[in-house]
Amino acid sequence: DAKTTQPPSMDCAEGRAANLPCNHSTISGNEYVYWYRQIHSQGPQYIIHGLKNNETNEMASLIITEDRKSSTLILPHATLRDTAVYYCIVRVVEEAGSYQLTFGKGTKLSVIP
Amino acid sequence: SQTIHQWPATLVQPVGSPLSLECTVEGTSNPNLYWYRQAAGRGLQLLFYSVGIGQISSEVPQNLSASRPQDRQFILSSKKLLLSDSGFYLCAWSNSGTSGISYEQYFGPGTRLTVT
């Protein structure tokens, strides 16, 4: 799986949009971008994933650049409960036997009242 | 809806004692199942995965073992714990396509193991 680079930490004011960047300059054509988050002392939680097009669900939006070398996870209205470590992962999905999720160090997002 | 359970939530065990952690999934059939470990301040490490009953693949050599006696039950075991086995153990599941494609993974609440 391609390596990702994320800032170690970010702050965001409560109620504002949180924009979390991720660089994945070595991503290959069949690799998806996944985002998970881990709230302290809990298991990771799947947020969203995408291949080329921007994606939106009830939790967040994912913006992927046209060259696919970077992406941004957007939490439109951050709340205190969004304080967590956010992981950006790129992985091949459409391949039998692809089971590994490689979590890096992620970005620790602190939402400030 | 699907749910995943793990127990116990916390465990303190002496070095050399056995270990058994259990994970069960509800609301789905024939899931892929996974055991991860997260050491303090570090990322998640995949330990085992299973694509079916009795089918276990190990990702790293260690003194742990895994078993899948039923479709939605995954057990992590050790005969003799080491200090280095301390960590946060997470079970996860994912859907699997008929061609073996694996999709997003959903994690359980985890078991925090302290070996003393």
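Quick rundown of the values:
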item	result
Accessible surface of A:H77 - all protein chains present, 1.4 Å probe, nearest 10 Å²	130
Theoretical FRET efficiency, 1/(1+(r/R0)^6), r = Cβ-Cβ of B:S57 and A:N23, R0 22 Å, to 0.05	0.10
In nm, spacing of pseudo-spin labels at A:D67 and B:L83 (7 Å Cα→C-beta vector)	4.9
Heavy atoms of B:R72 accessible to a 1.4 Å probe, total area in Å² rounded to 10	110
Heavy-atom accessible area ranking, 1.4 Å probe, most first, across B:D85, A:D67	A:D67, B:D85
Potential lengthening between A:M10 and A:M59 on full extension [0.36 nm per residue; Cα-Cα distance subtracted]	15.8 nm
Average accessible surface area per residue within chain B, 1.4 Å rolling probe, Å²	47
Nearest-10 value in Å² for the accessible area of A:E14, using the 1.4 Å probe	90
Whole-number percent relative contact order across chain B, with pairs defined as alpha carbons under 8 Å at least 6 apart	35
Net length gained if the chain between B:S17 and B:S29 were fully extended (0.36 nm per residue, minus Cα distance)	1.0 nm
Protein accessible surface hidden between B and A, which excludes ligands and nucleic acids, total in Å², probe 1.4 Å	1700
Relative contact order, percent, chain A [alpha-carbon distance under 8 Å, six or more residues apart]	37
Positive-end extreme of charge dipole, the protein assembly as shown - chosen from B:W7, A:T26, A:L80 (charges on Cβ)	B:W7
Most fluctuating residue given options A:Y86, A:Y36, A:Y46, as computed from a GNM of chain A linking Cα atoms under 10 Å	A:Y46
Average beta-carbon neighbours from other chains, 10 Å sphere, peptide A:37-43	5
Heavy-atom SASA rank of A:T83, B:T28 (probe 1.4 Å, accessible area, largest first)	A:T83, B:T28
Choice from B:G54, B:G87, B:G41 showing the highest fluctuation, given a GNM over chain B with Cα pairs closer than 10 Å	B:G41
Loop sites in the stretch B:1-75: GluC sites (Glu not before Pro), DSSP, at most 15 other Cβ within 10 Å	B:E59
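The values are calculated or read from the model by the stated rules, or taken from the named source; none is laboratory data. Owing to the predicted nature of the structure, the values given are computational and were not obtained by experimental measurement. Note that we place each Cβ from the backbone using ideal geometry, even for glycine, and neighbour counts take in every protein chain shown. We work out accessible area using only protein heavy atoms, side chains counted, and drop any ligands, DNA or RNA first. Shrake-Rupley method; radii C 1.70, N 1.55, O 1.52, S 1.80 Å.
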